[in-house]
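Peer 1: If you scroll down you'll find the structure; I have some questions about it.
The values are calculated or read from the model by the stated rules, or taken from the named source; none is laboratory data. As the structure is a computational prediction, the values presented were derived from the model and not from experiment. With ideal geometry, Cβ positions are generated from the backbone for all residues, glycine too; neighbour counts draw on all protein chains shown.
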Amino acid sequence: MIRAIVTDIEGTTSDIRFVHNVLFPYARERLPAFLNAQQYIEPVKTILDNLREETGQPDATTADLLDTLLQFIDEDRKSTPLKALQGIIWRDGYVNGDFRGHLYPDVLPALEKWKAEGIDLYVYSSGSVAAQKLLFGYSDEGDITHLFSGYFDTLVGAKREVQSYRNIAEQLGVPPVQILFLSDIHQELDAAEQAGLRTVQLIRGDDDAASHHHQVSSFDHIKPEQIPS
Ligand SMILES: CSCCC(=O)C(=O)COP(=O)(O)O
Ligand SMILES: [Mg+2]
């Protein structure tokens, strides 16, 4: 039986276009002024030092790091320091009501049903845990963070690495075979499957996302009780 469901965000609970057309431009536009104001203040100071270490540029200036970050944004690089900075910048947008966290309409009813059935719910996204809590805390359906028992970001490991899913299962204290991972990206699902998790692939768009994983177009087609383990 499935005891825990871990869900991706972009392309799974939420439209890719919300992330790429709203969140990313919002952070990109504000990043230069944000770094200029915050570069010597924690936690930004430490995040920038982490970026220097990540990129092997120990003597990089803030201007150098800004160029690197803008390039990472344009490449959709899942850099942990970048995601931490984005999460801090996005807070103002959510709190000020500039935008709300997009949820597909099938997501909340399914999460509430699974929670009521005793399945614990978690999130695993490249977005920082802070960014995840903001998206679900200021979502189209209001604050739904009460539904989630925990959050994972790339501090647990990259999403296409098998070890990341072993780490998640160990932290949950649940046998991998009793954990269902939901994502749109087959490489993430492949890694989760190799770690022993069960998988379902969300096909939200019309792109050809052929894979061997069980595929559904919405959360209401997911039946955890029918997944053998
Ligand atoms: C938490 S909302 C922002 C998501 C984000 O920054 C991102 O890069 C999405 O990556 P994912 O691994 O969830 O597809
Ligand atoms: Mg995704």
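Peer 1: Please specify each residue of segment 191-229 satisfying the condition of being surrounded by fewer than 16 Cβ atoms within 10 Å (Cβ to Cβ) and among the acidic types (Asp, Glu).
Peer 2: The answer is Asp206, Asp207, Asp208, Asp220, Glu225.
Peer 1: If I filter segment 57-76 for residues that are away from ligand 1 (no atom under 16 Å from the Cβ), in contact with a helix residue (DSSP H, G or I) (Cβ under 9 Å, 6 or more places away or on another chain) and closer than 30 Å to Phe181 by Cα, do I get at least one hit?
Peer 2: no
Peer 1: For Lys78, which of the numbered conditions (1) surrounded by 13 or more Cβ atoms within 10 Å (Cβ to Cβ); (2) more than 22 Å from Lys133 (Cβ to Cβ); (3) modelled with pLDDT under 95 fails to hold?
Peer 2: Status for Lys78: all satisfied but (2).
Peer 1: Can you tell me how many residues within segment 172-189 are within 16 Å of ligand 1 (Cβ to nearest atom) and surrounded by 16 or more Cβ atoms within 10 Å (Cβ to Cβ)?
Peer 2: Qualifying residue count, segment 172-189: 8.
Peer 1: Then there is this: Please go through (1) more than 30 Å from Arg166 (Cα to Cα); (2) surrounded by fewer than 18 Cβ atoms within 10 Å (Cβ to Cβ); (3) among the polar types (S, T, N, Q) for Thr46 and return the number of the only condition it doesn't satisfy.
Peer 2: Failed condition: (1).
Peer 1: Follow-up. Only one residue in Leu51, Leu31, Leu23 is of a type outside the set (Gly, Ala, Ser) and under 18 Å from the mean Cα position of the chain (by Cα). Which one? Step through it out loud before you land on a result.
Peer 2: Numbers: Leu51 fails: under 18 Å from the mean Cα position of the chain (by Cα); Leu31 fails: under 18 Å from the mean Cα position of the chain (by Cα).
Just a single option satisfies the conditions, and that option is Leu23.
Peer 1: Could I ask something else about it? Quickly run through segment 101-120 and pick out the residues that are touching a Ser or Thr at 6+ places or on another chain (Cβ under 6 Å) and not small (Gly, Ala, Ser).
Peer 2: Of the residues in segment 101-120, the ones touching a Ser or Thr at 6+ places or on another chain (Cβ under 6 Å) are 101-103, 106-107, 120.
Selection gives His102, Leu103, Asp106, Val107, Asp120.
Peer 1: Can you find a residue in segment 29-36 that is outside any loop (DSSP other than H, G, I, E, B), polar (S, T, N, Q) and in contact with a helix residue (DSSP H, G or I) (Cβ under 7 Å, 6 or more places away or on another chain)?
Peer 2: Quick first cut of segment 29-36, residues outside any loop (DSSP other than H, G, I, E, B) only: 29-36.
Now restrict to residues that are polar (S, T, N, Q): 36.
Those still in the list that are in contact with a helix residue (DSSP H, G or I) (Cβ under 7 Å, 6 or more places away or on another chain) too: none.
Within segment 29-36, none of the residues are outside any loop (DSSP other than H, G, I, E, B), polar (S, T, N, Q) and in contact with a helix residue (DSSP H, G or I) (Cβ under 7 Å, 6 or more places away or on another chain).
Peer 1: Taking into account only those residues within segment 11-59 that are basic (Lys, Arg) and touching a Leu at 6+ places or on another chain (Cβ under 8 Å), which is farthest from ligand 2 (Cβ to nearest atom)?
Peer 2: If we filter segment 11-59 for residues that are basic (Lys, Arg), which is where we start, we get 17, 28, 30, 45, 52.
Going one step further and asking which of them are touching a Leu at 6+ places or on another chain (Cβ under 8 Å), we end up with 28, 52.
Values: Arg28: 19, Arg52: 28 Å.
This residue is Arg52.
Peer 1: State all residues of segment 1-28 that are more than 9 Å from ligand 1 (Cβ to nearest atom), assigned to a loop (DSSP other than H, G, I, E, B) and of a type in the set (A, V, I, L, M, F, W, C); if no residue qualifies, say none.
Peer 2: Across segment 1-28, the qualifying residues are Met1, Ile2.
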